[in-house]
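A short write-up of the structure that comes next.
The values are calculated or read from the model by the stated rules, or taken from the named source; none is laboratory data. In this text, all values refer to a predicted model and were calculated from it rather than measured experimentally. Here the Cβ positions follow ideal geometry from the backbone for every residue, glycine too, while neighbour counts run over all protein chains shown.
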């Protein structure tokens, strides 16, 4: 039995097929179904949707594969409900799940590397992007929720930057991790701008 199978996480049959030496990406609906089977918490699902949106926007910015980057964002926390009490397993279990489903190694590595507790080196642009995006979603959501409207449309980059500087605000959104956007060659302001725009475009899905 597989590692992921041992912890009772739903793993469908392989969802990738090799084609012309590469991979044929599953549909987003299929990936969303995988997410829903493994994450029941609506806020966790929304976090993953936000990460997906920002990753796709970053892929567009860098001329990378939007489907691959988006899928990494959507499924990066697929094991969270199973491993949230044990950070030493989080992302390793998820990476193993995705590997068993047939996802490419670059996506699997990015998922495993986004949990810094493992000390896995961030090698690719994909790795670095996912790591920085993960806490950014929380910072942006927290900024929106302190506005009377509780809407993403009510905030701008400067508002988020000011909240970023407040150490007591949204403590769970690691400032150090967000600032790793520098590994992508992005200034903090530009990174936040990309993230906010991406999340505003799916505001209805996020309930914001």
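Couple of notes before you dig in:
- Restricting attention to region 101-114, the residues being over 19 Å from residue 28 (Cβ atoms) and surrounded by 19 or more Cβ atoms within 10 Å (Cβ to Cβ) number 4.
- Options 143, 153; residue that is surrounded by 22 or more Cβ atoms within 10 Å (Cβ to Cβ) and either in contact (Cβ under 8 Å) with a residue 40 or more places away in the chain or touching a helix residue (DSSP H, G or I) at 6+ places or on another chain (Cβ under 9 Å) (or both): 143
- Residue match in region 166-180 (condition: closer than 18 Å to residue 59 by Cβ and not in a loop (DSSP other than H, G, I, E, B)): yes
- Residue selection: residue 121 satisfies the criterion of being surrounded by fewer than 14 Cβ atoms within 10 Å (Cβ to Cβ), at pLDDT below 95 and over 28 Å from residue 42 (Cβ atoms).
- Residue count, region 116-133 (criterion: more than 11 Å from the chain's Cα centre (by Cα), assigned to a helix (DSSP H, G or I) and free of Cβ contacts under 8 Å to residues at least 40 places away in the same chain): 2
- Residue 183 vs. criteria free of Cβ contacts under 8 Å to residues at least 12 places away in the same chain, over 26 Å from residue 34 (Cβ atoms) and under 17 Å from the mean Cα position of the chain (by Cα): no
One line per residue, one yes/no per condition, for (1) in contact with a helix residue (DSSP H, G or I) (Cβ under 8 Å, 6 or more places away or on another chain); (2) surrounded by 24 or more Cβ atoms within 10 Å (Cβ to Cβ):
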{"site": "30", "(1), (2)": "no, no"}
{"site": "52", "(1), (2)": "yes, yes"}
{"site": "55", "(1), (2)": "yes, yes"}
{"site": "76", "(1), (2)": "yes, yes"}
{"site": "93", "(1), (2)": "yes, no"}
{"site": "99", "(1), (2)": "yes, no"}
{"site": "116", "(1), (2)": "yes, no"}
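- Selected residue (criterion: nearest to residue 46 (Cα to Cα)) from residues of region 195-205 that are in contact with a helix residue (DSSP H, G or I) (Cβ under 8 Å, 6 or more places away or on another chain) and surrounded by fewer than 20 Cβ atoms within 10 Å (Cβ to Cβ): 205
- Each residue in region 32-50 was checked for being within 20 Å of residue 136 (Cα to Cα), loosely packed, with under 15 Cβ neighbours inside 10 Å and touching a helix residue (DSSP H, G or I) at 6+ places or on another chain (Cβ under 7 Å), and 1 of them qualify.
- Failed condition for residue 76, given (1) within 19 Å of residue 139 (Cα to Cα); (2) touching a residue at least 60 places away in the same chain (Cβ under 8 Å): (2)
- Boolean, residue 168 is without any contact (Cβ under 8 Å) to a residue 60 or more places away in the chain, more than 19 Å from the chain's Cα centre (by Cα) and either on the phi < 0 side of the Ramachandran plot or crowded, with 16+ Cβ neighbours inside 10 Å (or both): yes
- Failed criterion for residue 37 (all others in (1) farther than 15 Å from residue 97 by Cα; (2) modelled with pLDDT of 95 or more hold): (1)
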